[in-house]
Every structure is written in C-alpha cells, then in structure tokens.
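Below: the structure, in structure tokens.
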Amino acid sequence: MKLDPRIPDGPLAQKWTKFKSSVRLVSPANKRKYEVIVVGTGLAGASAAASLAELGYRVKSFCFQDSPRRAHSIAAQGGINAAKNYQNDGDSVRRLFQDTIKGGDFRAREANVHRLAEVSVNIIDQCVAQGVPFAREYGGMLANRSFGGAQVSRTFYARGATGQQLLLGAYQALSRQIGLGRVRMHPRHEMLDLVVDQGRAQGIITRNLVTGELRAHEADAVLLCTGGYGNAYYLSTYARGSNATAIWRAHRRGALFSNPCFTQIHPTCIPVSGDYQSKLTLMSESLRNDGRCWVPKAQEDRRPAAQIPEGERDYFLERMYPSYGNLAPRDIASRAAKRVCDEGRGVGSSGLGVYLDFSEAIGRLGESTVRERYANLFAMYHEITGESAYEAPMRIFPAVHYTMGGLWVDYHLMSNVPGLFVLGEANFSDHGANRLGASALMQGLADGYFVLPYTLGDYLAQHKPGGAKKASETEAFWEATEAVQARTKKLLGIRGGKPVSDFHRRLGKILWDHCGMSRTRKGLEQGIDAIRGLRKEFWEDVNVPGSGEDLNQSLEKAGRVADFLELGELMCRDALERDESCGCHFREEHQTPDGECARRDKEFSHVSAWEYQGEGKAEVRHAEPLAFEEVQLATRSYK
Amino acid sequence: MKLHLRVWRQKSKESGGHFETYEAEGLNPNMSFLEMLDVVNDRLTQEGKEPIAFDHDCREGICGSCAMAINGEPHGPNKGATTCQVYLRSFKDGETLTVEPWRAKAFPVLKDLVTDRSAFDRIIQAGGFVSVNTGQAPDANAMPIGKEEAEKAFDAAHCIGCGACVAACRNGSAMLFAAAKVSHLGLLPQGQPERAERVRKMVEAMDAAGFGNCSNQYACEAVCPKEISADWIARMNRDYALSLAQKL
Ligand SMILES: Cc1cc2nc3c(=O)[nH]c(=O)nc-3n(C[C@H](O)[C@H](O)[C@H](O)COP(=O)(O)OP(=O)(O)OC[C@H]3O[C@@H](n4cnc5c(N)ncnc54)[C@H](O)[C@@H]3O)c2cc1C
Ligand code: SF4
Ligand code: FES
C-alpha cells in the first residue's frame, strides 16, 4: 500500500497559504445539505463541531460523558503554546516549528508541523475573543511561561486550569450552535463501530449509554476526535473513561494505525501509593519553571530531604542537561528520573520517586509569588499526599500521559478511509516520537478551528450531498449493527470469575513493564505472549453483570478493555519492529555511550502504519517515509 | 479500616429507589472515596450482583462528573473539594456513611447515583457564550484586560458544572451556576455586547428547566468545590434587573 500524505507543493512556509487559496469550496447554500458526524467533544471535537456549524454544515456531535463540557481536555493544566513572540524573546513560527520537530526526535511530518506553528497564533486570538481568561501582566497584556524543550516563553495559561478554560471556550461556542439548532448533541452515547460503505466512511453505530439502544447514524463525513489511548496502561494521568474504542473500531474497518508504540511518559506525576490506586495525578510541567529536580548523591539515603545538605544532592537534570536544565523535554527527563531510581537513589518508601524542590524559588520570589503561580497544583498535591510542597519538596515519578501514536492521517487530516477524518490526540500527526509540553492543546484546537474546516470542504466538494444512504437501507449498516449486538451479547454471556478491572490492571502492568520507558526485544516478545494469553483468558473468564438494555458501566468498561487488549499487542509489535531508539521509544539495544537514544535514520526515518488483517491475524506494517528538508536531521542534544 | 455504607439503589428513572447496606473492609486510609466504591463494586460483581452506578471521569476535581452526597453533604465533608477528591482519611474507622445522588427536581435520577444534569447545558445553550465565529478574532493583545479583572473572571469561570450548588439548595436553585457564567463573561470586555440579552436568556432557561428560586441561604457557596462566591448571585441579580429595564 502506498501512503500518500498529500502534502502541497512549494516552499514549506507557503504550503498552507497556497493550500487554503486553492482548495475546492462548498457554496454556502450547499453546506447545509451536508451532514457531518463529529465524535468527541474535547478541544478537537468541540472546536471542529462549532466551526463547521458556524460555516453552515449540519453537525451531529457525540460524547460518552453526560455533558460535552466534561471531555478529558478539561483536565489539562499547564498551558498552550503559540508563536506570538509577545515576550520579544526571539520566538517565531519558524522556531516553534523547529522546536517541535526536534522535540519529536525527527519522527513527525515537516509540513504538518509548520502549519501547526503558523495557526498557533490564531488560536490565542480566537480563545481570547471567546472570553478565555488567560493570565495577564499588570499592564493588561497576556502573560507567558516556559515549557520543556524551548528556550523562549511562548506558553499561554489560565492559572493551573488552561485546558478547562480552553475547553469551556469551545464548549460555549458549541453550545451556541446547539442552541441555534445547527448541532444535534448526543451526550452519553458511545460510538461502537464505523460504517464503511463503497469505500467511504458513511456513518457510525452508537450505543445510548442510558437506555442501551443501538443506533446507526449516516453522514457525508465522519470525524473522530476521541482522544488518546494511554489508559491501555491502566494507571495513567488520563480521565478514567478515556479509551481507544472509536479509533480501534475504525482501525478494524480499515483505517491504518500509526506509531502505536509512541506513548509519552510524563516526568512529573504523583508516585503510586498502593495497588488500589485508580489513576495517577499529573503535576504540571509548568512546575519545572521554578522547581528543581534532585535525588541524594548516595544510594539508599533515607534521610528526610531537609537533612540532606546541598553538597550531597544531585540536581540530575541540571547536571546532565546544563543548557535546558529542569526544562529538558519529557522523554529525556523521565528517563533520567528512571535512571537515578534504578541506581538506588530514588526517594520515598518505594524508592520510585525524585524530589521536585521549590525552596530555591520560594527564597528568590517569596512564597506569595509561588503561591500565585501554582496554588491549585500545590493544593492538589496536598490533598492526595497529605504533604505541603511549601515546606518540603514534592515527590514525583513518571507516569503515562499522552499518546503520540494514533490513526494515520494525511495533510488533510483524512485517514486512508475516504471521508474518515481524525483530529486531536486521536491522530498521529504532529508530535513525532515525543510531544513537547503545551502542544497538545495547540494541536487539538488547530485541527478543529483552523485546519479541518478547510480540508473537509475540499473533500465534500467532490461528493454530492446526501450521498450516504439511509442507515436503515444499506447492508453495511445492518452488518455493523449486528456485529455490535453480537459482541455485547458475548460480553454479557461469559459470566466468568473475574471483574473487568482485574484484566485491565494486568494488561497495564504488562505494558508498563515491557512497553514503557525502556524496551528490549526480549521484553517485547514476552509482552506480546502475555497479552495474547490475557486476552484469551478475558474472553473466557470476564464477569460482566447486568444487561445491555440499560445503564451498565461494567459493560462499557468491558468493551473498552477488550479493545485495549488488542491494541496493547499492536503497541508491543510496533515497538518491536522499530528497531531503533527515538524520543519516547527507548530500545536498550540502541543507545549512545552516555545512555541517550540512538536513532537509525536510514532504516527508520518513517511513520509506521499498521493495517488490520482480521481477527487473530498478524497486522501488516506499512511505512510513510519522512523527508527533512528544512530542519537538518541531527542528534537531539539538550546538553 | 472499615466503613458501613448505606447506598441509594435505583434501577431506572421510572422506578423507585431504596437504600442498601454494604460493609467495606480492609480499606486503606489513603484510598480515595471513589476507589473504595471501585472495591465494593468489584466485590458485588464477584457476588453476581450489579455494581453501584456512579458518574466519574477525571478523578482530580475538574471534570465535574462525580456527584454524590455523603451523609447529606454534596461532595462530602471536605471544603473546596469534589467527591473524587475525598480520601478515606477524612472518615473514622467504622463510621457509617450514607451515599445518595443529587436530589433536585431539575436533575432526575437515572440509575443509582447517576443523575441527568443536562438542564445545565441548556442554560449555557441559551446564552452562556460570546457570539464570535471562528476566524473573526482580532489580535489577542489588541484589547488589554487588567490583571485583576482577568483573575476575577477566572474565579467565576472556574465553575465545573457539577451541580452540587443545586443539590445543596433547599429550593433546588441553579443561581450560583448561572451567576458564575454570567459574571465570567460580564466581567470581560468581550462579554459586554451581549450582556443584557445573555442574563435574560439564561434566567429564562433556568426557570424553564425547573430550577427553584434563590432565597439567599448560601448553602450553594458552602458546598461548591471551586468555592465560587455567592457575591456573583447579587451581581447577576443586578444585571438581570438592569436588563429588564433595558439599561445594561
Ligand atoms: C492531566 C493532563 C494534563 C494535561 N495538560 C496539558 C497541557 O497543559 N497542555 C497541553 O498542551 N496538553 C496537555 N495535556 C494533553 C491534552 O489535554 C490532551 O492531549 C488533549 O486535551 C486531547 O484533546 P482531544 O480533543 O484530542 O481529546 P479528549 O479531550 O480526550 O476528548 C475525547 C472526546 O471523545 C469522546 N469519546 C471518546 N471515545 C468515544 C466513543 N467511543 N464514543 C463517543 N465519544 C467518545 C469523549 O467523550 C470526549 O468528548 C494534558 C493531559 C493530561 C492527562
Ligand atoms: S457553582 Fe460550584 S457547585 Fe455549582 S456547578 Fe459550579 S462548581 Fe459546582
Ligand atoms: S471525577 Fe472529575 S471532578 Fe470528580
């Protein structure tokens, strides 16, 4: 299969402008004849649904929460990047582009990333106009902070709740369109299958999570904005409901899955405290603006932090990466933390933790300034651990946080299945092998507000409106509905001996051990075997109580975990086949003498794209080569 | 650690409900309240019973999904925290806890602890926004906004739409929720052009959804996990009166 990314010709910096001025358009009168399905109401989905409805398309929107405002994006804390250069510190579109390509360890598509950097500036304008209360300076201008992997301050923020405020902005825009009758909103609905008919995406099958009713919805195009799949690891910083079902079902219907092994493990999260734990809590990267990471120089030094003198502390990030220091990118900071813990220098009762220390910042800025910047994060830390970070350093440890992998899309954000578009974290597009902080919010909103409204028009202009046949009339819809019914029945019929959570936890442990911060051929092979065994056991021994005809949260979870059990295997296989180290993907076999990633550009300067072959059959790996014309391929250095 | 639970069980919107008691044993005080419910649910599953349905998602106090009253208090005993942010160390070993869904006319129970809060969405749909289409915005720094105003707007905008304010109010009023949005947008220059219309429409939607009137008891403020100030209610009342007099 040849993958055509459909990148426009011409110089990099002019591609998007040229594209916009030459795309096919749909006339205003025709727009309302087209129906578009948008699954997901996070930043990507809400911004897309609102923008499309404003343009005049008829939109149907879906989310599994009880309100579109509760999508996982709401939890983002730290900020959103934009190349505004309001700080006059040398930022530019070019620099944001370069930082992102380099941050991703040269495994992202140049043209997409450049476009992202270009539209970043419009995002901030749009959000401010909606009333997003970003942090301000005394003079009334917008404030910025720094995030990892950058030497400029380009991150806009709203206290520690940037995602909330951005999502509420998009939710309000969406609500306005719902009120106007241009978007039909379906909360508490879960997409359980994609309908592909005559080679095009024509609709979806949903389950009403309150009544259990299965329904087919047809449309001229389907947008999946369903977020990331990091919950495959069970413990993560994601909301509990985040799942892979929508993209996995689409994958099974033919959409290629790219770079599934690229998962971001975030360095600063509250460490695991017990096996009952249901989620891990992120401590925003913004804390590394003022917090310093350290561990004792000596192994097994069990003294309280305050009793360890300055000279016996190892500020390991500052030591290892002097030019970026505590703001080294996430993959690098996480591995460094793992390394010092592996050396027996970790802190806390489990030894799996490092300190994030604010005492220097409190001395320099005063406690009140530190409080103003991070009060809600410190409060959250206190609530969970019972400790005050004003008095003693925080203890932190890496945790699963984001997935760079996702469904393959071209420059138009369209998957290889015509009419199926994928936005936000659900696609693989812009972050390569490692995402820089504050770039996911940027990408989600770029996709939804500024990219898709153009590229979708180009697709629809080539198809007559109403092309999708009535769901009740086509075989493809019947077949998909029956498949969903059969699977639901099967899950409910097993009545085995173990609850869903048991399988999910075990899957998470396998993935964390074998497909986590450090990977080896042998470990990945073991991981694959273990997942296959677990999957078999799941289908024989899971216990899903209740019925399919009403609100049944066990059934919801079971369906999601069943999909994770398939995806997990693909994650391991992708990690196995990518026989190099890059970004988050650290294969122990490929490292430099000082323990950094050793890429193999000749063999692996490409995006993997996996094609489903049917139940129990090995997937086929395709590749989209990546060309670096504007940024020189180089070994990433943050030293 | 051990807790006795009395939990509201209700099959569906149409059916009646009742309390059932469960013993939760072998608990760790560092567990969250919801993690304790997870444990109880896994045990119920093993016993062939249906687990307790409850809404939750982020489990860090920001999505507004989790919604239950513990011993009659919406979101439980901790000030400024959601249910998912309550840890078992807040309770005494052996304590009895009564766990119920939100009780309010505008939030019908769907199952067990799950309620239908879509009435909140309808209030926002009526006017809780700035009417600006994608692409119409001027440069973000073209309109300076004082630091303090921005901070104040944020305080109001921080509402998570959980509905605890309604559940705590004996009239089932949504005033705190609505006032938070009216004030967030009303405090900012971007919100001025639609200020009068917004408050009018949102109040109408609130009444239509079956929320009660505010009688200034401020039970809402006391339970709000984001400590949204009841002062916003006075501000909204002012805006509403002015909008009726067409003076805003
Ligand atoms: C704790 C935390 C903090 C973060 N902080 C930052 C930050 O400061 N800056 C930054 O840039 N990024 C941050 N991120 C990352 C960022 O928040 C996410 O990548 C981003 O919000 C994802 O947005 P999205 O729109 O793609 O998907 P989501 O917000 O995950 O939304 C997914 C939507 O899809 C719906 N959905 C999913 N599956 C189905 C289905 N089968 N049927 C129906 N609906 C479905 C859901 O209901 C939801 O509406 C953070 C992430 C976490 C976990
Ligand atoms: S005002 Fe407070 S209690 Fe009411 S919905 Fe908002 S956050 Fe919840
Ligand atoms: S689960 Fe999100 S606020 Fe409690």
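The values are calculated or read from the model by the stated rules, or taken from the named source; none is laboratory data. All values reported here derive from a predicted model rather than from experimental measurement. Every residue, glycine among them, receives a Cβ derived from its backbone with ideal geometry; neighbour counts consider all protein chains shown. Calculation scope for accessible area: heavy atoms of the full protein, side chains included, ligands and nucleic acids excluded. Shrake-Rupley method; radii C 1.70, N 1.55, O 1.52, S 1.80 Å.
Looking at A:PHE134 and the list (1) over 24 Å from B:THR134 (Cβ atoms); (2) in contact (Cβ under 8 Å) with a residue 12 or more places away in the chain; (3) open to solvent by less than 10 Å² (accessible area, probe 1.4 Å), which single condition is not satisfied?
All conditions pass for A:PHE134, except number (1).
Do we have A:LEU633 as in contact (Cβ under 8 Å) with a residue 40 or more places away in the chain, open to solvent by 10 Å² or more (accessible area, probe 1.4 Å) and in contact with a helix residue (DSSP H, G or I) (Cβ under 7 Å, 6 or more places away or on another chain) here? Before the answer, list the steps.
Values: in contact (Cβ under 8 Å) with a residue 40 or more places away in the chain: yes; open to solvent by 10 Å² or more (accessible area, probe 1.4 Å): yes; in contact with a helix residue (DSSP H, G or I) (Cβ under 7 Å, 6 or more places away or on another chain): yes.
So A:LEU633 passes the test.
From (1) more than 9 Å from chain B (Cβ to nearest Cβ); (2) within 16 Å of ligand 3 (Cβ to nearest atom); (3) part of a loop (DSSP other than H, G, I, E, B), pick out the condition that doesn't hold for A:LEU167.
(3)
Given the structure, is A:TYR315 open to solvent by less than 50 Å² (accessible area, probe 1.4 Å) and either over 30 Å from A:ALA239 (Cβ atoms) or at pLDDT 95 or above (or both)? Spell out the reasoning first.
Working: open to solvent by less than 50 Å² (accessible area, probe 1.4 Å): yes; either over 30 Å from A:ALA239 (Cβ atoms) or at pLDDT 95 or above (or both): yes.
In short, yes.
Can you tell me which residue is nearest to the other protein chains (Cβ to nearest Cβ) among those in segment B:113-136 that are in a loop (DSSP other than H, G, I, E, B) and within 16 Å of ligand 3 (Cβ to nearest atom)? It would help to see each step written out before you state the result.
Within segment B:113-136, the first condition is being in a loop (DSSP other than H, G, I, E, B), and the residues that meet it are B:113, B:116-117, B:128-136.
This time we only want the ones that are within 16 Å of ligand 3 (Cβ to nearest atom), so: B:113, B:117.
Numbers: B:LEU113: 11, B:ARG117: 6 Å.
Applying the filter and picking the extreme gives B:ARG117.
Would you mention how many residues in segment B:69-105 are within 14 Å of chain A (Cβ to nearest Cβ) and more than 16 Å from ligand 1 (Cβ to nearest atom)? Walk me through how you get there before you give the answer.
Of segment B:69-105, the ones within 14 Å of chain A (Cβ to nearest Cβ) are B:75-90, B:101-102.
Checking which are more than 16 Å from ligand 1 (Cβ to nearest atom) leaves us with B:75-81, B:83, B:86-90, B:101-102.
The number of residues fulfilling the criteria is 15.
Can you tell me how many residues within segment B:82-135 are touching a Leu at 6+ places or on another chain (Cβ under 8 Å) and within 30 Å of B:PRO193 (Cα to Cα)?
3
So A:LEU209 passes all but one of these: (1) under 20 Å from A:GLY448 (Cα atoms); (2) within 11 Å of chain B (Cβ to nearest Cβ); (3) open to solvent by less than 10 Å² (accessible area, probe 1.4 Å); (4) of a type outside the set (Val, Ile, Thr). Which condition number does it fail?
Every condition holds for A:LEU209 apart from (1).
Test of understanding: among A:PRO393, A:PRO418, which residue is open to solvent by 10 Å² or more (accessible area, probe 1.4 Å), under 30 Å from A:VAL36 (Cα atoms) and modelled with pLDDT of 95 or more? Can you show your working first?
On the way: A:PRO393 fails: under 30 Å from A:VAL36 (Cα atoms).
Of A:PRO393, A:PRO418, the one residue that is open to solvent by 10 Å² or more (accessible area, probe 1.4 Å), under 30 Å from A:VAL36 (Cα atoms) and modelled with pLDDT of 95 or more is A:PRO418.
Can you name every residue in segment B:158-192 that is away from ligand 3 (no atom under 16 Å from the Cβ) and either touching a Leu at 6+ places or on another chain (Cβ under 7 Å) or not assigned by TED's automatic domain parsing to the domain that holds B:ARG122 (or both)?
Within segment B:158-192, just B:GLY191 meets the criteria.
Considering only residues that are among the hydrophobic types (A, V, I, L, M, F, W, C) and over 19 Å from the mean Cα position of the chain (by Cα), which ones fall in segment A:169-180? Spell out the reasoning first.
Start the filter on segment A:169-180 by keeping residues that are among the hydrophobic types (A, V, I, L, M, F, W, C), which leaves A:170, A:173-174, A:178, A:180.
Scanning segment A:169-180 gives A:ALA173, A:LEU174, A:ILE178, A:LEU180.
Which is under 30 Å from A:THR100 (Cα atoms) and open to solvent by 60 Å² or more (accessible area, probe 1.4 Å), of A:GLU596, A:GLU569, A:GLU577, A:GLU549? Before you say what the answer is, go through the steps one by one.
Working: A:GLU596 fails: open to solvent by 60 Å² or more (accessible area, probe 1.4 Å); A:GLU569 fails: open to solvent by 60 Å² or more (accessible area, probe 1.4 Å); A:GLU549 fails: under 30 Å from A:THR100 (Cα atoms).
Residue meeting the stated conditions: A:GLU577.
Quick test for you: out of A:LEU491, A:LEU460, pick the one residue that is hydrophobic (A, V, I, L, M, F, W, C), touching a residue at least 12 places away in the same chain (Cβ under 8 Å) and farther than 30 Å from A:SER554 by Cβ. Break it down stepwise before answering.
Values: A:LEU491 fails: farther than 30 Å from A:SER554 by Cβ.
The match here is A:LEU460.
Which ranges mark the helices (runs of 4 or more DSSP H) fully within segment B:150-227 that have 1 or more residues being within 18 Å of A:GLN172 (Cα to Cα) and open to solvent by less than 40 Å² (accessible area, probe 1.4 Å)?
Because the criterion is at least 1 residues that are within 18 Å of A:GLN172 (Cα to Cα) and open to solvent by less than 40 Å² (accessible area, probe 1.4 Å), the helices (runs of 4 or more DSSP H) in segment B:150-227 that meet it are B:175-186, B:195-208.
Taking into account only those residues within segment A:450-480 that are assigned to a loop (DSSP other than H, G, I, E, B) and open to solvent by less than 60 Å² (accessible area, probe 1.4 Å), which is farthest from B:GLU50 (Cα to Cα)? It would help to see each step written out before you state the result.
Going through segment A:450-480, the residues assigned to a loop (DSSP other than H, G, I, E, B) turn out to be A:461-474.
After this cut, where a residue has to be open to solvent by less than 60 Å² (accessible area, probe 1.4 Å) as well, the list is A:461, A:463, A:465-468, A:471, A:474.
Working: A:ALA461: 50, A:HIS463: 48, A:PRO465: 46, A:GLY466: 43, A:GLY467: 44, A:ALA468: 40, A:ALA471: 34, A:THR474: 37 Å.
My answer is A:ALA461.
Filtering segment A:481-498 down to residues that are among the charged types (D, E, K, R) and within 14 Å of chain B (Cβ to nearest Cβ), which residue is most open to solvent (accessible area, probe 1.4 Å)? Steps first, answer last, please.
First, pick out the residues of segment A:481-498 that are among the charged types (D, E, K, R): A:482, A:487, A:489-490, A:495, A:498.
Checking which are within 14 Å of chain B (Cβ to nearest Cβ) leaves us with A:495, A:498.
Working: A:ARG495: 120, A:LYS498: 59 Å².
That would be A:ARG495.
Of the residues A:SER73, A:SER120, which is farther than 24 Å from B:CYS63 by Cβ and either within 12 Å of chain B (Cβ to nearest Cβ) or in contact with an Asp or Glu (Cβ under 6 Å, 6 or more places away or on another chain) (or both)? Step through it out loud before you land on a result.
On the way: A:SER73 fails: farther than 24 Å from B:CYS63 by Cβ.
Criteria check complete, one pass: A:SER120.
Restricting to segment B:27-48, give me the number of residues that are open to solvent by 40 Å² or more (accessible area, probe 1.4 Å) and without any contact (Cβ under 8 Å) to a residue 12 or more places away in the chain. Spell out the reasoning first.
Here is the first cut: in segment B:27-48, the ones open to solvent by 40 Å² or more (accessible area, probe 1.4 Å) are B:28-30, B:39, B:42-43, B:46-48.
Checking which are without any contact (Cβ under 8 Å) to a residue 12 or more places away in the chain leaves us with B:42-43, B:46-48.
Count: 5.
Does segment B:137-149 hold any residues that are assigned to a loop (DSSP other than H, G, I, E, B) and either in contact with a Gly (Cβ under 8 Å, 6 or more places away or on another chain) or within 15 Å of ligand 2 (Cβ to nearest atom) (or both), and which are they?
Our first condition is that a residue be assigned to a loop (DSSP other than H, G, I, E, B); within segment B:137-149, this holds for B:137-139, B:143-146.
B:PRO144, B:ILE145, B:GLY146, listed by residue number.
Looking at A:VAL119, A:VAL128, A:VAL93, which one is crowded, with 24+ Cβ neighbours inside 10 Å and more than 16 Å from ligand 2 (Cβ to nearest atom)? Don't jump to the end; show me each part of the working.
Values: A:VAL119 fails: crowded, with 24+ Cβ neighbours inside 10 Å; A:VAL93 fails: crowded, with 24+ Cβ neighbours inside 10 Å.
The conditions single out A:VAL128.
Could you check, for segment A:499-509, whether at least one of its residues is open to solvent by less than 50 Å² (accessible area, probe 1.4 Å), away from chain B (no Cβ under 14 Å) and in contact (Cβ under 8 Å) with a residue 24 or more places away in the chain? Working first, answer last.
To start, the set of residues in segment A:499-509 that are open to solvent by less than 50 Å² (accessible area, probe 1.4 Å) comprises A:499-504, A:507-508.
If we keep only those that are away from chain B (no Cβ under 14 Å) as well, we get A:507-508.
Filter once more, so that each one left must be in contact (Cβ under 8 Å) with a residue 24 or more places away in the chain: A:507-508.
Yes - at least one qualifying residue is present in segment A:499-509.
Checking A:ILE384 against (1) under 30 Å from A:GLY40 (Cα atoms); (2) open to solvent by 10 Å² or more (accessible area, probe 1.4 Å); (3) touching a Lys or Arg at 6+ places or on another chain (Cβ under 6 Å); (4) of a type in the set (A, V, I, L, M, F, W, C), which test does it fail?
Status for A:ILE384: all satisfied but (3).
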